[in-house]
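The values are calculated or read from the model by the stated rules, or taken from the named source; none is laboratory data. This is a predicted model, so every value here is computed, not measured. Every residue, glycine as well, gets a Cβ built from its backbone with ideal geometry; the counts of neighbours run over all protein chains shown. SASA here: full protein model, heavy atoms, side chains in, ligands and nucleic acids out. Shrake-Rupley method; radii C 1.70, N 1.55, O 1.52, S 1.80 Å.
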Amino acid sequence: MLYTPSYAMPRDTAAIHDLIRRYSFATVISSGTQGLVISHLPLLLDAMGGPQGKLIGHLARANSHSKLLADAPVTCIFHGPHGYLSPAWYVDQLSVPTWNYAVAHVQGQSRLIEDTAHIEEILAATVDKHEAAAGTGWRYDLPTEFRERLVKTIVGFEIEITSLEGKFKLSQNRKGADKSAALAGAAEHYATTNPDLVRMMREALCSD
């Protein structure tokens with residue numbers, strides 16, 4: 001269970017889904033006979049794939065983690081923006097440093113996808129999502145023989161979400177002028193290096 005004070009709770013499931021879409025490179029954790037097995041994978045969210053949604057991904061067939069994704073529980077962690085906040089930014093100088101961040105923890109039941117046509121759909125959808133952000137126009141439109149060799153080295157999987165938790169710790173617990181001061185300090189310090197943290201802080205602190 002993720003420790004989440006009431007002030008840091010996301011407003012709704014849609015807010016957690018939005019974080020998963022934006023920061024879709026996940027830490028995927030399974031339990032095996034040797035202990036925890038961890039992979040880092042880009043995942044797609046199908047928000048309508050169940051009561052709380054469904055995650056879809058792929059990994060190398062040679063990765064031993066793939067064997068643990070056949071009808072088994074799995075945990076996925078999505079890390080949103082995060083950053084240090086200096087007490088020097090606050091009006092109340094009797095303060096200590098802290099770290100602001102946004103994360104989502106997802107638990108669910110995984111199953112493997114071996115069908116080659118379905119795997120190619122996953123690959124194409126993953127490419128489309130990230131190429132849209134890259135703006136290059138590259139498409140998953142490769143020669144048939146090359147694609148057939150590629151797909152043999154890959155397995156797909158989907159995770160039906162059974163538990164969805166988020167924690168958006170963005171200075172909401174500060175009082176009065178310190179909220180504005182925290183946002184102003186972050187906006188200046190992270191203007192070019194971490195604008196997403198500033199955006200999430202602004203959304204959290206200016207919606208009161």
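Between Arg199 and Ala72, what FRET efficiency comes out of the Förster formula 1/(1 + (r/R0)^6) with R0 = 30 Å and r the beta carbon distance, rounded to 0.05? Display every interim value, and only then the final one.
Working: r = 36 Å, r/R0 = 1.20.
Using R0 = 30 Å, I get an efficiency of 0.25.
Please give the per residue volume of the convex hull enclosing the alpha carbon atoms of the range 65-146, rounded to a whole number of Å³.
Hull volume normalised by residue count: 168 Å³.
If you rank Glu188, Glu131 by how much accessible surface each has, with a 1.4 Å probe, what is the order from largest down?
Sorted descending by solvent-accessible area, the residues read Glu188, Glu131.
Working from the alpha-carbon coordinates of the chain, get Rg over Rh, Rh being the Kirkwood radius.
Here Rg/Rh amounts to 1.05.
Taking the Cβ of Arg111 as the centre, find all other residues whose Cβ is under 15 Å away and add up their charges (Lys, Arg: +1; Asp, Glu: -1).
Computed value for this residue: -4.
Tell me, what HN-Hα J-couplings in whole Hz come from the Karplus equation 6.51 cos²θ - 1.76 cosθ + 1.60 at θ = phi - 60° for each residue of the range 2-7, using x for Gly and Pro?
Karplus values, whole Hz, x for Gly and Pro: 8, 5, 9, x, 4, 5.
Provide the gained length on full extension for the span Arg139 to His118, in nm with one decimal, where the gain is 0.36 nm per separating residue minus the Cα-Cα distance.
The Arg139-His118 span can extend by a further 5.9 nm.
Just the number, please: carbon plus sulfur as a percent of the accessible area of the range 63-208, 1.4 Å probe, no ligands or DNA/RNA counted.
Of all accessible area on the range 63-208, carbon and sulfur atoms account for 55 percent.
Taking the chain as the reference, fit the longest principal axis to its C-alpha atoms, fit the long axis of helix 13-22 to the helix C-alpha atoms, and give the angle between the two in degrees, 0 to 90, nearest 10.
Helix 13-22 and the main axis of the chain meet at about 70 degrees.
Please list, or write none, the lysines whose alpha carbon is within less than 27 Å of the alpha carbon of Lys54, excluding same-chain residues fewer than 8 places away.
Filter leaves Lys67, Lys129, Lys152, Lys167, Lys169.
Working from Cα positions, state the angle (0 to 90°, nearest 10) between the long axis of helix 177-189 and the longest principal axis of the chain.
60 degrees
Relative to the longest principal axis of the C-alpha atoms of the chain, give the angle of the C-alpha long axis of helix 195-205, reported between 0 and 90° and rounded to the nearest 10°.
With rounding to tens, the tilt is 60 degrees.
P(r) of the range 37-106 in 10 Å steps, Cα pairs, percent per bin?
14, 34, 22, 15, 12, 2
Test of understanding: in a Gaussian network model of the chain with alpha carbons linked when under 10 Å, which of Phe25, Phe157, Phe146 would top the mean-square fluctuation ranking?
Looking only at Phe25, Phe157, Phe146, the largest GNM fluctuation is found for Phe146.
From the P(r) of the range 108-208, could you give the percentage of C-alpha pairs in the tail past 25 Å?
The calculated P(r) of the range 108-208 puts 53 percent of pairs beyond 25 Å.
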